[in-house]
Every structure is written in structure tokens, then in C-alpha cells.
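J.: Before anything else, here's the structure in question.
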Amino acid sequence: MTEPVRISGVRHPDYFENMADAELTKTGTKVWNILQSRQEYAGTVRLRQKDLSERLGLTESTVSRALDELKERGLVHPQGTKRGVILINPLFAAYESTAHMVNHLADPSTYIWPVTFPERTIRRRVSDPRTGTGFDPDPDGGEEASAPEEQRPNLRLAG
């Protein structure tokens, strides 16, 4: 098995916060964690399915089903493994810095495929249920909020 590439990096917190909504199987979660830990910057993982199955002590068909699950959810490229290279969705990839992440995601040549977590787990608030109720989140006027240290980048989803 090839020696894994170990990087530390910046990941987009808004997307990782929703990973529980993916409802991955136990094997899918194990495969996802290995892919995350072995990726190069911007989500390229150089790891053969055979090596992944050996690492986990599972059959290649079991690992293949787990990779299919990750493809279904949009976490890895829908075309799957190409000659030992797996691509992690750019929204879930690691980057050298926040600037690298913002620039990569804003680049028109970056393909961001849809993330399709099970519909029943996607929690989107269409409207604020407090609208029209007289609810005031800051009844005493409070104090001015401090400026955030770093603005989170605006991201786009393909689809």
C-alpha cells in the first residue's frame, strides 16, 4: 500500500456541520474518514480501492458499495475512482488556507456536483415562524456586535 499523504488544512465548516444528515452507513463513514485523512489539497485522494479494502479488512465489493453510497450523496465525484484517484466534492475538501478555498470554489472551472443527502434529513428553514408574532430578539436594544474576524466565503452549489 502506498504511503498516505497527510495534510492539515482548512475545511468549510458550514458543510461539515451537516455531515450527520448524510446518514452514512458504518462502512461508508469509515471510508469517508480515510478519504478525508488521505486527501491532497482540494480533494484529490490517490488510493486504490484494493488498498482501501485491505486497510479496512473488508472485501473489495463491500468497499465498492460504500464508495457508491458516497457517490449517491455527492461526497465523492459521481464517476467514482479513475486509476486510483478519487475526488472529494470541493465543498468538503481541505485547502491550504481560507483564501485557497475561496479562490478554488469561485473559479468557474471548478466543477461542484450536487450534494444529495436524504430529503427527510435536510433541515431548511423556509421562513421564520416568529414573523408577525411581535418577537424581538433584542428587546433592550443591546450593544453593537463586534465585527467578525474573518468573513465566511459565499459558496455556490452546482445543479
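The values are calculated or read from the model by the stated rules, or taken from the named source; none is laboratory data. All values derive from a computational prediction rather than experimental measurement. Methodologically, a virtual Cβ is constructed for each residue, glycine included, from the backbone with ideal geometry; neighbour enumeration extends over all protein chains shown. Accessible surface is based on the protein model in full, side chains and every heavy atom, while ligands, DNA and RNA are left aside. Shrake-Rupley method; radii C 1.70, N 1.55, O 1.52, S 1.80 Å.
J.: Within the set of pairs 6+ apart or on separate chains, which have a first residue in region 15-39 that is over 17 Å from PHE117 (Cα atoms), a second that is open to solvent by 50 Å² or more (accessible area, probe 1.4 Å) and β-branched (Val, Ile, Thr), and C-beta atoms under 8 Å apart?
T.: These pairs meet every condition: ARG38/VAL5; GLN39/VAL5.
J.: So, one more: Could you say which residue among LEU47, LEU56 is open to solvent by less than 50 Å² (accessible area, probe 1.4 Å), at pLDDT 95 or above and more than 22 Å from THR116 (Cβ to Cβ)?
T.: Of LEU47, LEU56, the one residue that is open to solvent by less than 50 Å² (accessible area, probe 1.4 Å), at pLDDT 95 or above and more than 22 Å from THR116 (Cβ to Cβ) is LEU56.
J.: Could I ask something else about it? Does THR27 qualify as being open to solvent by 60 Å² or more (accessible area, probe 1.4 Å) and in contact with a helix residue (DSSP H, G or I) (Cβ under 7 Å, 6 or more places away or on another chain)?
T.: no
J.: Looking at region 35-78 only, could you name the residues that are assigned to a loop (DSSP other than H, G, I, E, B), more than 18 Å from the chain's Cα centre (by Cα) and not aliphatic (A, V, I, L, M)?
T.: Passing the criteria: ARG48, GLY57, THR59.
J.: For region 96-112, how many residues meet the condition of being crowded, with 18+ Cβ neighbours inside 10 Å and either closer than 16 Å to ARG46 by Cα or in contact with a His (Cβ under 7 Å, 6 or more places away or on another chain) (or both)?
T.: 1
J.: Yes or no: region 73-95 includes at least one residue that is in contact with a strand residue (DSSP E or B) (Cβ under 7 Å, 6 or more places away or on another chain), of a type in the set (Phe, Trp, Tyr), over 17 Å from PHE117 (Cβ atoms) and open to solvent by less than 10 Å² (accessible area, probe 1.4 Å).
T.: Yes - at least one qualifying residue is present in region 73-95.
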